[in-house]
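K.L.:
My structure is below; once you've seen it, I'll send some questions.
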Amino acid sequence: MLHSIFSKSLISYRKTLKFDELILDFLKESDFLKKFYDFTGSTKDIKRRIETYQNPRLDRLLLKNTIAEQYQKSGIKSIPNLVSQNINSLENGNTFTVCAGHQLNIFSGPLYVIFKLISTISLSKNLNSLFPSNHFVPVYWMATEDHDINEIDSVNLFGKKYEWEHSWKGISGNMPIQGLESLINNIKNTFGNSKYATELFELIEQSYLTSQTLGEATRKWINALLGDYGLVIIDGHEMVFKSRVKDIFLDEVKNQTTKKLVDNSISQLSEKYNAQAKPREINLFYLGKDYRERLVKEDNRFQVLNTDITFSLNQLTDEISNFPDRFSPNVLLRPLYQESILPNVAFLGGPAEIAYWLELKDLFNNYHVPFPALILRNCATIINKSTNDKLSKFSISDKEIFLSTDELIKNFMLNSTEEKIDFNISLDRISIELSNIGHEVSKIDATLNAFVEGEKQKIKSSFLSLEEKILRVQKKKKESELNQIRKIKDLLFPNGGLQEREETLIPHFLNHGKGFFDMLLENFDPFEKEFMILKEVE
């Protein structure tokens with residue numbers, strides 16, 4: 001239960017100055033972008049997506065049984081009832097999923113990962129109310145095959161970076177947990193003595209220190225946090241799932257279909273925007289025990305980069321046919337794989353994800369895979385009570401927090417300095433007098449007017465210089481307040497970026513426990529198309 005009270009305000013994404021033009025145009029449903037998707041996140045469009053949904057690749061019974069088996073193998077001792085009900089419901093023809101995906105991170109990584117999952121839960125909850133004859137299941141697609149380990153082997157906490165020492169080079173889902181205990185013990189010392197610190201550490205221990213791999217640990221961790229809301233977790237690294245799409249993998253190596261179709265979409269999009277993700281000639285990786293390497297075509301052979309492994313076309317088609325689990329789709333093929341497996345009607349993604357999904361509609365059409373409604377996940381900044389009090393103290397409004405630090409300081413100085421001197425009024429008066437003088441002297445000699453104008457510019461420069469000197473003196477008197485404003489800005493926009501991309505869940509859990517998720521769920525609504533500011537007021 002959350003004991004704090006939060007207020008909610010909304011600001012247009014454009015006014016935050018933090019989002020690319022493509023996303024801003026997508027949110028306002030610009031005519032230019034409409035050909036790159038079929039359905040928006042409106043209730044009307046989702047209704048159409050449900051009514052027209054057909055997925056010849058979908059095997060509901062296989063999906064249900066495989067997910068249940070993944071949970072069983074993970075070692076989760078108690079699967080929440082709502083998760084079990086949702087898994088079992090996938091066998092029914094009136095059940096659909098709404099999905100978000102993300103790579104594995106330590107302790108769920110940046111705060112926006114939690115935002116993404118809560119948005120998914122919120123959307124499923126809304127759809128279950130809007131369309132009671134159907135059932136909607138929130139799904140987290142664990143991208144366990146990502147291998148950019150350097151992106152996930154550290155965590156930022158209270159301004160310090162904690163790194164996991166390891167030598168792993170394979171896919172993240174198979175990464176052994178060895179060595180993580182030392183990092184966990186290090187961050188435990190930062191938790192303090194809040195009533196939620198013990199609960200948080202127990203959740204970390206139960207999730208990570210009882211697991212063999214990062215994939216297993218992540219399932220336990222997310223289930224412990226959000227399982228009670230019915231969130232179903234799926235691991236995409238699965239033999240039976242990939243068997244459903246091996247014809248796509250075969251076509252990829254034979255005909256390089258992804259590159260042809262996506263390049264065409266990028267060509268059209270590039271009339272106005274930069275491409276988010278560009279296709280390779282072959283958009284598949286080959287998996288080994290401790291590696292995930294790109295598959296490239298060289299003459300008449302197929303080479304697995306950074307290995308001695310090569311295939312002829314016949315050998316490669318046999319390998320895909322017999323061992324599809326040894327092949328891993330890249331960022332552009334993964335959405336097609338995901339949507340082939342799930343009865344999915346909506347995909348919730350961040351700005352970068354929406355950008356590259358807009359490149360994929362022709363690819364989906366080519367393989368007769370239903371393209372989901374695309375919805376931007378909720379984006380937000382969380383302001384704690386202490387920071388909110390400081391914002392009130394300095395009369396900084398919700399919209400003004402997006403101003404630069406210099407602009408905030410300038411506004412504060414203009415509004416707080418008792419000894420106000422309006423140089424503009426004085427300059428206007430002097431300018432008028434000099435203009436009059438210039439007019440008179442020009443009657444004597446026309447060249448004298450230019451001299452007067454020059455003197456006018458000198459006086460203006462002198463006034464500006466004097467104004468700057470006075471402002472420096474005033475700033476020095478208020479250095480303490482100005483430092484507080486700088487700290488507020490750094491807290492809300494660490495490293496100049498959005499808080500959700502830099503901050504983790506941990507500080508918020510330490511303050512609010514699992515009640516933090518209830519607060520987010522109460523306020524998040526993916527149907528809203530505005531940036532959210534959540535302020536702790538009591």
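K.L.:
Quick check: anything in segment 294-301 surrounded by fewer than 19 Cβ atoms within 10 Å (Cβ to Cβ), modelled with pLDDT under 95 and either touching a Leu at 6+ places or on another chain (Cβ under 8 Å) or part of a loop (DSSP other than H, G, I, E, B) (or both)?
P.N.:
yes
K.L.:
When segment 83-109 is examined, which residues are found to be under 12 Å from the mean Cα position of the chain (by Cα) and either surrounded by fewer than 24 Cβ atoms within 10 Å (Cβ to Cβ) or part of a helix (DSSP H, G or I) (or both)?
P.N.:
From segment 83-109, those under 12 Å from the mean Cα position of the chain (by Cα) are 100-103, 109; that's our starting set.
Of everything in segment 83-109, those that are under 12 Å from the mean Cα position of the chain (by Cα) and either surrounded by fewer than 24 Cβ atoms within 10 Å (Cβ to Cβ) or part of a helix (DSSP H, G or I) (or both) turn out to be 101, 102, 103, 109.
K.L.:
Would segment 233-249 turn up any residue that is modelled with pLDDT of 95 or more, part of a strand (DSSP E or B), β-branched (Val, Ile, Thr) and under 30 Å from residue 107 (Cβ atoms)?
P.N.:
Within segment 233-249, one or more residues are modelled with pLDDT of 95 or more, part of a strand (DSSP E or B), β-branched (Val, Ile, Thr) and under 30 Å from residue 107 (Cβ atoms).
K.L.:
Please enumerate the residues belonging to segment 110-142 that are open to solvent by 10 Å² or more (accessible area, probe 1.4 Å) and either more than 21 Å from residue 40 (Cβ to Cβ) or of a type in the set (A, V, I, L, M) (or both). Break it down into steps so the answer makes sense when it comes.
P.N.:
Applying the first criterion (open to solvent by 10 Å² or more (accessible area, probe 1.4 Å)) to segment 110-142 yields 110, 112, 125-126, 128-135.
Correct list: 110, 112, 130, 132, 133, 135.
K.L.:
Would a scan of segment 48-61 turn up a residue that is open to solvent by less than 40 Å² (accessible area, probe 1.4 Å) and under 19 Å from residue 377 (Cα atoms)?
P.N.:
Within segment 48-61, one or more residues are open to solvent by less than 40 Å² (accessible area, probe 1.4 Å) and under 19 Å from residue 377 (Cα atoms).
K.L.:
Considering only residues that are loosely packed, with under 13 Cβ neighbours inside 10 Å and of a type in the set (D, E, K, R), look in segment 154-180 and name the one that is farthest from residue 217 (Cα to Cα).
P.N.:
Ranking the candidates gives 160 first.
K.L.:
Do any residues in segment 225-244 that are surrounded by fewer than 18 Cβ atoms within 10 Å (Cβ to Cβ) have Cβ atoms under 6 Å from those of residues that are hydroxyl-bearing (Ser, Thr, Tyr), where the two are at least six apart or on different chains, and which pairs are they?
P.N.:
Hits for this filter: 240/66.
K.L.:
If you don't mind, there's one more thing I want to ask. Can you pull out the residues in segment 62-78 that are touching a residue at least 40 places away in the same chain (Cβ under 8 Å) and either buried (at least 16 other Cβ atoms within 10 Å of the Cβ) or hydrophobic (A, V, I, L, M, F, W, C) (or both)?
P.N.:
Correct list: 62, 63, 66, 67, 70, 71, 74, 76.
K.L.:
Counting only residues that are modelled with pLDDT under 70 and out of contact with any Cys (no Cβ under 7 Å at 6 or more places or on another chain), give me the helices (runs of 4 or more DSSP H) lying completely in segment 383-471 with at least 3 of them. Explain how you work it out, then say what you get.
P.N.:
Details: elements: 385-393, 405-416, 423-444.
Qualifying helices (runs of 4 or more DSSP H): 423-444.
K.L.:
OK, next. Sort through 216, 181, 165 and tell me the only one that's charged (D, E, K, R), part of a helix (DSSP H, G or I) and over 15 Å from residue 141 (Cα atoms). Let's see the steps before the verdict.
P.N.:
On the way: 216 fails: over 15 Å from residue 141 (Cα atoms); 165 fails: part of a helix (DSSP H, G or I).
Going through 216, 181, 165 in turn, the sole match is 181.
K.L.:
Taking the residues in segment 332-345 that are touching an Asp or Glu at 6+ places or on another chain (Cβ under 9 Å) and among the hydrophobic types (A, V, I, L, M, F, W, C) as candidates, determine which candidate is farthest from residue 247 (Cα to Cα).
P.N.:
So, considering only residues that are touching an Asp or Glu at 6+ places or on another chain (Cβ under 9 Å) and among the hydrophobic types (A, V, I, L, M, F, W, C), the one farthest from residue 247 (Cα to Cα) is 332.
K.L.:
If you don't mind, another one. Quick one: residue 356 ticks every box in (1) hydroxyl-bearing (Ser, Thr, Tyr); (2) out of contact with any Gly (no Cβ under 8 Å at 6 or more places or on another chain); (3) closer than 30 Å to residue 92 by Cα bar one, so which box is it?
P.N.:
The single condition residue 356 does not satisfy is (3).
K.L.:
Out of segment 1-39, which residues are open to solvent by less than 70 Å² (accessible area, probe 1.4 Å), among the β-branched types (Val, Ile, Thr), farther than 18 Å from residue 271 by Cβ and not in a strand (DSSP E or B)? Break it down into steps so the answer makes sense when it comes.
P.N.:
First, the residues of segment 1-39 that are open to solvent by less than 70 Å² (accessible area, probe 1.4 Å): 2, 4, 6-7, 9-13, 16, 19, 22-27, 29-30, 32-33, 36-39.
Keeping just the survivors that are among the β-branched types (Val, Ile, Thr) gives 11, 16, 23.
Imposing the further condition that a residue be farther than 18 Å from residue 271 by Cβ reduces the set to 11, 16.
Within segment 1-39, 16 is the sole residue that qualifies.
K.L.:
Another question about this same structure. In segment 302-340, what residues are open to solvent by 60 Å² or more (accessible area, probe 1.4 Å), under 30 Å from residue 352 (Cβ atoms) and either part of a helix (DSSP H, G or I) or without any contact (Cβ under 8 Å) to a residue 12 or more places away in the chain (or both)?
P.N.:
Step one: filter segment 302-340 for residues open to solvent by 60 Å² or more (accessible area, probe 1.4 Å), giving 306, 308, 313-315, 318, 322-323, 326.
Next cut, under 30 Å from residue 352 (Cβ atoms) only: 306, 326.
The one that is open to solvent by 60 Å² or more (accessible area, probe 1.4 Å), under 30 Å from residue 352 (Cβ atoms) and either part of a helix (DSSP H, G or I) or without any contact (Cβ under 8 Å) to a residue 12 or more places away in the chain (or both): 326.
K.L.:
Do we have any residue at all in segment 2-14 that's aromatic (Phe, Trp, Tyr) and under 28 Å from residue 496 (Cβ atoms)? Even if it seems obvious, please write down each step before you answer.
P.N.:
So the first thing to find is which residues in segment 2-14 are aromatic (Phe, Trp, Tyr), and the list is 6, 13.
Filter once more, keeping what is under 28 Å from residue 496 (Cβ atoms): 6, 13.
For segment 2-14, residues aromatic (Phe, Trp, Tyr) and under 28 Å from residue 496 (Cβ atoms): present.
K.L.:
With the condition kept exactly as written, say whether any residue in segment 263-278 is assigned to a strand (DSSP E or B) and closer than 30 Å to residue 136 by Cβ. Full working, then the answer.
P.N.:
Here is the first cut: in segment 263-278, the residues assigned to a strand (DSSP E or B) are none.
No - not one qualifying residue is present in segment 263-278.
The values are calculated or read from the model by the stated rules, or taken from the named source; none is laboratory data. Computed from a prediction, not measured in an experiment: that's the story for all the values here. With ideal geometry, Cβ positions are generated from the backbone for all residues, glycine too; neighbour counts draw on all protein chains shown. Side chains are part of the model used for accessible areas, which takes the heavy atoms of the whole protein and leaves out ligands, DNA and RNA. Shrake-Rupley method; radii C 1.70, N 1.55, O 1.52, S 1.80 Å.
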